[in-house]
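Novice: This is the structure I have questions about; it appears just below.
Each reported figure results from applying straightforward, stated rules to the coordinates on display, with no laboratory input. In this text, all values refer to a predicted model and were calculated from it rather than measured experimentally. Don't worry about glycine lacking a Cβ; one is built from the backbone with ideal geometry, like all the others, and counts go over all protein chains shown.
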Amino acid sequence: MKINRAIVMLFALAQAGVATGCRQQAATAAASTPPVQVIVVEARRQPVAETLSLPATVVPNETVEIKPETDGIVQETKFGEGERVSKGQTLVQLDETKFATAVAEAEANLKLSEANHARAKQLLEDKLISPQDYDQTASTFAVNQASLELKRRQLRDARVIAPFNGIVGARQISPGQVVSRTTTLTWLVDLDIVKIEVKVPEKYLRQLRIGQPLEFVVAAFPEEKFRGEVYFISPQIEEGTRTALVKARIPNSEGKLRGGMFASLELTLQLRDAAIVIPEPALMSNGDNFSIFVVDAQGHAQARAVQVGFRLAGGAEIVKGLEAGEKVVVEGLQKLRSGAAVKLAPPEASAIYRAR
């Protein structure tokens with residue numbers, strides 16, 4: 001039994017010596033491994049706007065196809081193509097001869113029926129006619145009154161007027177032309193304010209609100225950004241596209257925007273004033289999971305899982321796993337492992353720094 005105990009003790013001492021030797025070798029190897037040269041940047045806070053890019057269409061504030069309210073012959077056009085007109089201004093004058101004649105005839109009929117009605121009223125008071133005879137004259141008088149109002153309205157309809165302030169389009173008729181109620185005379189548009197119409201996918205609707213800002217560009221003015229505010233969000237989703245119609249108003253005092261223009265729109269969904277942002281190259285991805293390397297106070301790289309928020313041009317918002325001011329490795333990731341010693345290269349050596 002004593003011999004066996006001695007053997008066990010010798011074996012344990014041998015094992016401890018081996019372990020100590022391994023640790024010494026590992027420490028020696030670690031000490032002999034040179035630090036990995038990396039470039040780091042500090043995580044910083046900055047405003048971040050989460051935007052949605054969508055195609056949109058510019059439409060006038062108001063637009064109407066001008067048609068006559070009655071059939072007739074064009075006597076005179078009183079507008080120039082592309083001219084600005086005011087509400088109530090006469091645009092087209094139809095020949096009103098037949099309408100004026102009809103008014104004169106209706107006035108004569110009314111005058112006669114009015115006299116007959118007054119006479120019948122007196123006769124009824126003297127009990128010289130029956131109430132039924134009086135009612136007949138009263139009915140004729142009322143019918144002639146209504147007929148005169150109708151003829152006067154038809155006479156007024158011989159003038160086609162502008163329903164609102166705006167710019168008239170191309171002239172579609174000429175003097176002497178016979179027109180009907182379905183004939184298009186011209187168009188009238190109001191461009192002092194224009195609207196933007198865009199269809200927004202339903203998953204973003206919870207982030208929309210009335211008064212939300214947006215900006216867009218059009219091909220005619222590619223270097224200029226136009227800005228407006230949302231004033232309408234459709235209460236109903238289109239089943240075919242699963243989108244909702246959204247409208248915004250944009251001031252257009254210079255008249256640069258025209259109805260029908262195609263617009264590339266940026267809709268601001270969220271605005272965060274102090275988000276943590278790092279350069280895009282610092283991210284390492286594994287499917288939907290992201291991680292980064294940060295350099296600790298002892299000069300060692302430490303791998304850390306992070307949650308990515310909004311993506312920027314060349315950058316990414318970090319919503320969890322990183323604090324502002326921490327040093328994040330942006331170049332030299334391929335040679336790193338967690339716990340490795342690092343040597344910091346000057347920021348000027350970074351392609352990211354030079355691209356700024």
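Novice: How about LYS343: which lysines have a C-alpha closer than 20 Å to its C-alpha, ignoring those fewer than 8 places off in the same chain?
Specialist: Hits, sequence-local ones excluded: LYS327, LYS335.
Novice: How big is segment 50-140 by the Kirkwood estimate over distinct Cα pairs, in Å? Present the calculation step by step, with values, prior to reporting the outcome.
Specialist: Working: mean 1/r = 0.0521 Å⁻¹.
For segment 50-140, inverting the mean 1/r across all distinct Cα pairs yields 19.2 Å.
Novice: Excluding SER180 itself, what net charge comes from residues whose Cβ is under 12 Å from its Cβ, given Lys and Arg +1 and Asp and Glu -1?
Specialist: On the way: positive: LYS67, ARG181; negative: GLU69, ASP71.
Summing Lys and Arg as +1 and Asp and Glu as -1 gives 0.
Novice: Take the Cα pairs of segment 220-356, get the Kirkwood Rh, then feed it into Stokes-Einstein at 25 °C and 0.890 mPa s and tell me D in µm²/s.
Specialist: Here the translational diffusion coefficient equals 128 µm²/s.
Novice: Still on this model: Just how many pairs of Lys in segment 96-157 have C-alpha atoms closer than 25 Å, counting pairs that are eight or more places apart or on different chains?
Specialist: Final tally of qualifying lysine pairs is 5.
Novice: Here is a follow-up. In degrees between 0 and 90, to the nearest 10, how far off the longest principal axis of the chain does helix 131-156 point, with axes built from Cα atoms?
Specialist: That works out to roughly 50 degrees.
Novice: Tell me, what is the percent relative contact order of the chain, built from C-alpha pairs under 8 Å that lie six or more residues apart?
Specialist: 27 percent
Novice: Tally Lys/Arg at +1 and Asp/Glu at -1 over every other residue whose Cβ is under 12 Å from the Cβ of ARG311; what's the total?
Specialist: Numbers: positive: none; negative: GLU50, GLU280, GLU317.
Here the charged neighbours net out to -3.
Novice: Under a straight-distance cross-link criterion of Cα-Cα below 25 Å, which lysines are reachable from LYS195, leaving out those fewer than 8 residues away in the same chain?
Specialist: LYS67, LYS87, LYS203, LYS225, LYS247, LYS256
Novice: Mean separation of Cα pairs under 8 Å and 6+ residues apart, divided by the residue count of segment 96-157: what relative contact order is that in percent? Mind dumping the intermediate values first?
Specialist: Values: 40 pairs, mean separation 32.2, N = 62.
Reported relative contact order: 52 percent.
Novice: Taking 8 Å as the Cα distance limit and 6 or more residues as the minimum spacing, I'd like the relative contact order of segment 298-342 as a percentage.
Specialist: 52 percent
Novice: According to a simple spin-label model (label point 7 Å from Cα along Cα-to-Cβ), what is the distance in nm between LEU245 and LYS78?
Specialist: Taking the simple label geometry, LYS78 and LEU245 are separated by 3.5 nm.
Novice: Gain in length, THR182 to ALA100, computed as 0.36 nm per residue apart minus the alpha-carbon separation, to one decimal in nm?
Specialist: Using 0.36 nm per residue and subtracting the Cα-Cα distance, I get 27.2 nm.
Novice: If you don't mind, another one. Could you calculate the contour length gain from PHE262 to THR90, that is, 0.36 nm times the residue separation minus the distance between their Cα atoms, to one decimal place in nm?
Specialist: Length gained, PHE262 through THR90: 58.6 nm.
Novice: Would you mind computing, in nm to one decimal, how far apart the modelled labels at VAL217 and THR57 are, each placed 7 Å from Cα along Cα→Cβ?
Specialist: Taking the two extended label points, one gets 2.3 nm.
Novice: Still on this model: Please find, in a Gaussian network model of the chain (springs between Cα atoms separated by less than 10 Å), the residue of GLU223, GLU83, GLU331 whose mean-square fluctuation is greatest.
Specialist: GLU223
Novice: For a test of the definition: using alpha carbon positions, the gyration tensor, and the 1.5 limit on a/c, classify segment 96-157 as rounded, prolate or oblate. Each step should come with its number before you reach the end.
Specialist: Values: a/c = 4.94, a/b = 3.22, b/c = 1.53.
Judged from the Cα gyration tensor, segment 96-157 comes out prolate (a/c at least 1.5, a/b above b/c).
Novice: Now for a different question. Compare GLU254, GLU229, GLU197 in a GNM of the chain, Cα atoms joined below 10 Å, and give the one with the largest fluctuation.
Specialist: Maximum among the listed residues: GLU254.
Novice: Please report the projected area of the chain's Cα convex hull averaged over all directions, in nm². Please report the intermediate quantities before stating the final value.
Specialist: Working: hull surface 159.6 nm².
It is 39.9 nm².
Novice: Compute the signed sum of charges (Lys and Arg +1, Asp and Glu -1) over the other residues within less than 11 Å, Cβ to Cβ, of GLN89.
Specialist: Residues close to GLN89 contribute a combined charge of +3.
Novice: Could you work out [θ]222 nm for the chain from helices alone, using -39500 (n - 2.57) per DSSP H run of at least four and dividing by all its residues? Round to the nearest 500 deg cm²/dmol. Let's see the in-between values first.
Specialist: Working: 4 runs with 91 residues, N = 356.
That calculation yields -9000 deg cm²/dmol at 222 nm.
Novice: Please compute the length gained on full extension between GLU107 and LYS225, using 0.36 nm multiplied by the number of residues separating them and subtracting their Cα-Cα distance.
Specialist: Separation in residues times 0.36 nm, less the Cα-Cα distance, equals 36.4 nm.
Novice: Considering the options VAL103, SER139, ASN116, tell which one lies farthest towards the positive end of the dipole of segment 96-157, charges being +1 on Lys and Arg and -1 on Asp and Glu at the Cβ, about the Cα centre.
Specialist: Of the options given, the answer is VAL103.
Novice: Pick from ILE129, ILE73, ILE278 the residue whose mean-square fluctuation is largest in a GNM of the chain, springs joining Cα atoms under 10 Å.
Specialist: Between ILE129, ILE73, ILE278, it is ILE129 that shows the largest mean-square fluctuation.
Novice: At a Förster radius of 30 Å, what calculated FRET efficiency corresponds to the Cβ-Cβ distance of GLN307 and ALA341, to the nearest 0.05?
Specialist: The value I calculate is 0.60.
Novice: Moving to a separate point now. What do you get for the angle between helix 97-125 and the principal long axis of the chain? Use alpha-carbon atoms, 0 to 90 degrees, nearest ten.
Specialist: 60 degrees
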